[in-house]
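Q: Sharing a structure here in structure tokens format.
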Amino acid sequence: MADWLHPGVRFLHYALLLWLFGLTAFRAFGLRKIALGPGRGRGLALIACALLVPLVSAALMLVSMAEMMGQPVSMLDWATIKVMVLSTDLGRAFIARIAMLSLAALFLVTKAQRALPAAALFYGLALLTLAWNGHAAATEGTLGLLHRMNDGLHLLAVGLWIGAIGWFLNLVIAAHRNPDEIAPEPLLDTIHRFAPLGKTLVAVVAATGLINAHLIFGLGNGVQVLTTDYGFLLAAKTTLFVLMLLLAARNASIGRQSARTGINQTATTLAALRASLAAELLLAAGVLAIVAFLGLASPMG
Amino acid sequence: MHIRSIIAAVTMSIATLAMPTMVTAHTRVTASTPAEGAKVKSPRVLTLTFSEALLPPTVKTSIVMTAMPGMPNHGEMVIRNFSPSWSNGNRMLKLTLRKPLQAGGYDARWQAAGADGHRMKGTISFTVS
């Protein structure tokens, strides 16, 4: 199997799932007060991603199973897939996730009533099942359950954070290009009001990340872990996370200034926010790329 | 950052350090009979105890005779007459041979994925006298 295939599919899976959860949750519960233009929020890109993600999840299942069996994906037979799905928690988690992702897509495609909250719920549940397919799955007993719940909370908070960045960036670009379609003032006001929730999300991400690290390798072993590939990747991930925090603080500061100065500086404010949010989203993609490799590495060498 | 946030972060960090940890490494053998490098007499049962519960469908094991007394150029010979069984929550693998192993050098080779999905492999080498 090509070395890039497994981490590549993992990256795509994480990126799509976190973005879809964050976007639908944020759109359904957080941004109702902003007047959106027709078609915004349930566009073709969202539908395309919603249809793509169950397929990516199924591909990840097959690639993971092939790697676990030590054979190429093309050699994987139905009997092996069946026994893995029926007899392991990991296999059952894959199937549950694909089912949730398919249900979410169904709600979004059919534009059913309350489609966005329903999709957000199913994407959230799908994110929780990821804890059964990684390092958290290896912890046993009550501590294992705690580890998986903590990992799930970490993913939900990350999803909301990425969803907020992505959606604000989308709206800021649209408001900058066409202020008639999206009024900049309520958008800037919403970004300003997002700050406390943003801080809470960051705190949850940091705290659950810390607990995850402790449950995986023990924080007391941190120096020893840093000498491994896993430790190097974790240090890189933490560095990008800190840079994201700095940009988030910059966004909040721009929002605060905008609230203070009023509408006179709207164009400058939107341009500054656009650059800052785009950089933050790029760093988030970097974090996910690292996580795609990190989950496949051993913390103790 | 407010003082309350700092206190909360510090409390959280201290509480985290107080939690127990499993120290997860990928799957490895923690004990075996015969042990690595051991010299034993005609065993009929080999056991491998792993550091974590394994996913039985992913496990592949082989017993290979690597040396035979009086035959310096002995190649590898795969021993096939054994059956595997699991115990201790898929942590212990028992390989029961139909006939005891004859004198020679042997490898018990394994490949398996743990609950975290990572595939690992290893070898236990021993000698039968």
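Q: Let me spell it out: the conditions are (1) at pLDDT 95 or above; (2) within 14 Å of another protein chain (Cβ to nearest Cβ), and residue B:97 meets all of them except one. Which number is the exception?
A: The failed condition is (2).
Q: Then there's this: Of the conditions (1) away from chain B (no Cβ under 14 Å); (2) touching a Ser or Thr at 6+ places or on another chain (Cβ under 7 Å); (3) within 19 Å of residue A:22 (Cα to Cα), residue A:162 satisfies every one except a single condition; which number is it?
A: (2)
Q: Out of the residues in the stretch A:51-98 that are of a type in the set (S, T, N, Q) and closer than 20 Å to residue A:148 by Cα, state the one that is farthest from the other protein chains (Cβ to nearest Cβ).
A: Here is the first cut: in the stretch A:51-98, the ones of a type in the set (S, T, N, Q) are A:57, A:64, A:71, A:74, A:80, A:87-88.
From the residues that got through so far, the ones that are closer than 20 Å to residue A:148 by Cα too are A:57, A:64, A:87-88.
Values: A:57: 14, A:64: 6, A:87: 6, A:88: 5 Å.
By that ranking, first place goes to A:57.
Q: Okay, moving on. If residue A:182 passes every condition in (1) in a helix (DSSP H, G or I); (2) buried (at least 20 other Cβ atoms within 10 Å of the Cβ) but one, which one does it miss?
A: Just one mismatch for residue A:182, condition (1).
Q: Residue A:297: within 11 Å of chain B (Cβ to nearest Cβ) and free of Cβ contacts under 8 Å to residues at least 40 places away in the same chain, yes or no?
A: Values: within 11 Å of chain B (Cβ to nearest Cβ): yes; free of Cβ contacts under 8 Å to residues at least 40 places away in the same chain: no.
Criteria not met by residue A:297.
Q: Output the number of the condition that residue A:172 fails; it satisfies all remaining conditions of (1) within 27 Å of residue B:8 (Cβ to Cβ); (2) more than 14 Å from chain B (Cβ to nearest Cβ); (3) buried (at least 22 other Cβ atoms within 10 Å of the Cβ).
A: (1)
Q: Still on this structure: Can you tell me which residue within the stretch A:185-201, out of those that are surrounded by fewer than 18 Cβ atoms within 10 Å (Cβ to Cβ) and of a type in the set (A, V, I, L, M, F, W, C), is nearest to residue A:135 (Cα to Cα)?
A: Among them, the one singled out is A:197.
Q: Any residue in the stretch A:11-30 that is in a helix (DSSP H, G or I), at pLDDT 90 or above and within 14 Å of chain B (Cβ to nearest Cβ)?
A: Checked the stretch A:11-30: at least one residue is in a helix (DSSP H, G or I), at pLDDT 90 or above and within 14 Å of chain B (Cβ to nearest Cβ).
Q: Quick one: which strands (runs of 3 or more DSSP E) sit completely within the stretch B:56-129 and have at least 1 residues that are among the aromatic types (Phe, Trp, Tyr) and in contact (Cβ under 8 Å) with a residue 40 or more places away in the chain? Please lay out each step first, then the result.
A: Details: elements: B:60-67, B:77-79, B:82-87, B:92-97, B:104-113, B:119-128.
By residue number, B:104-113, B:119-128.
Q: Another question, if that's okay. Assuming residue B:60 fulfils every condition listed in (1) surrounded by fewer than 17 Cβ atoms within 10 Å (Cβ to Cβ); (2) modelled with pLDDT of 95 or more apart from one, which condition is it?
A: Evaluating residue B:60 over (1) surrounded by fewer than 17 Cβ atoms within 10 Å (Cβ to Cβ); (2) modelled with pLDDT of 95 or more leaves (2) as the failure.
Q: If you go through the stretch A:133-155 one residue at a time, do you hit one that is touching a Lys or Arg at 6+ places or on another chain (Cβ under 8 Å), assigned to a helix (DSSP H, G or I) and among the polar types (S, T, N, Q)? Show your work before the answer.
A: We begin by selecting, within the stretch A:133-155, every residue touching a Lys or Arg at 6+ places or on another chain (Cβ under 8 Å); these are A:136-137, A:139.
Applying the additional criterion that residues be assigned to a helix (DSSP H, G or I) yields A:136-137.
When the remaining residues are screened for being among the polar types (S, T, N, Q), the result is none.
Scanning the stretch A:133-155, I find no residue that is touching a Lys or Arg at 6+ places or on another chain (Cβ under 8 Å), assigned to a helix (DSSP H, G or I) and among the polar types (S, T, N, Q), so the answer is no.
Q: In addition: Could you count how many residues in the stretch B:43-75 are within 25 Å of residue A:133 (Cβ to Cβ) and small (Gly, Ala, Ser)?
A: Qualifying residue count, the stretch B:43-75: 2.
Q: In addition: Going by the conditions given, is residue A:43 surrounded by fewer than 22 Cβ atoms within 10 Å (Cβ to Cβ), out of contact with any helix residue (DSSP H, G or I) (no Cβ under 7 Å at 6 or more places or on another chain) and within 13 Å of chain B (Cβ to nearest Cβ)?
A: Numbers: surrounded by fewer than 22 Cβ atoms within 10 Å (Cβ to Cβ): yes; out of contact with any helix residue (DSSP H, G or I) (no Cβ under 7 Å at 6 or more places or on another chain): yes; within 13 Å of chain B (Cβ to nearest Cβ): no.
No: the conditions fail for residue A:43.
Q: In the stretch A:130-143, how many residues are crowded, with 22+ Cβ neighbours inside 10 Å and among the hydroxyl-bearing types (Ser, Thr, Tyr)?
A: Total satisfying the criteria: 1.
Q: If you don't mind, there's one more thing I want to ask. Looking for whichever is more than 14 Å from chain B (Cβ to nearest Cβ), closer than 23 Å to residue A:200 by Cβ and surrounded by fewer than 23 Cβ atoms within 10 Å (Cβ to Cβ) here; the options are A:106, A:146, A:121, A:127. Which one fits?
A: Details: A:106 fails: closer than 23 Å to residue A:200 by Cβ; A:146 fails: more than 14 Å from chain B (Cβ to nearest Cβ); A:127 fails: surrounded by fewer than 23 Cβ atoms within 10 Å (Cβ to Cβ).
Being more than 14 Å from chain B (Cβ to nearest Cβ), closer than 23 Å to residue A:200 by Cβ and surrounded by fewer than 23 Cβ atoms within 10 Å (Cβ to Cβ) holds for just one of A:106, A:146, A:121, A:127, which is A:121.
Q: Determine whether residue B:114 is under 16 Å from the mean Cα position of the chain (by Cα), within 14 Å of chain A (Cβ to nearest Cβ) and buried (at least 19 other Cβ atoms within 10 Å of the Cβ). Explain how you work it out, then say what you get.
A: Working: under 16 Å from the mean Cα position of the chain (by Cα): yes; within 14 Å of chain A (Cβ to nearest Cβ): yes; buried (at least 19 other Cβ atoms within 10 Å of the Cβ): yes.
Yes, satisfied.
Q: Checking the condition more than 10 Å from every other protein chain (Cβ to nearest Cβ), of a type in the set (S, T, N, Q), part of a helix (DSSP H, G or I) and touching a residue at least 12 places away in the same chain (Cβ under 8 Å), which residue from A:239, A:227, A:190 passes?
A: Values: A:239 fails: touching a residue at least 12 places away in the same chain (Cβ under 8 Å); A:227 fails: part of a helix (DSSP H, G or I).
Testing whether each residue is more than 10 Å from every other protein chain (Cβ to nearest Cβ), of a type in the set (S, T, N, Q), part of a helix (DSSP H, G or I) and touching a residue at least 12 places away in the same chain (Cβ under 8 Å) leaves just A:190.
Q: Filter the stretch A:257-296 for residues that are touching a Gly at 6+ places or on another chain (Cβ under 9 Å) and either buried (at least 21 other Cβ atoms within 10 Å of the Cβ) or not in a helix (DSSP H, G or I) (or both) and give the result.
A: A:269, A:273, A:277, A:284, A:292, A:295, A:296
Q: Looking at the stretch B:42-50, is at least one residue within 30 Å of residue A:81 (Cβ to Cβ), at pLDDT below 90 and outside any loop (DSSP other than H, G, I, E, B)?
A: no
The values are calculated or read from the model by the stated rules, or taken from the named source; none is laboratory data. If you're wondering where the values come from, they're calculated on a predicted model, not measured in any experiment. Please note: Cβ atoms are built from the backbone with ideal geometry, for glycine as well, and neighbour counts cover all protein chains shown.
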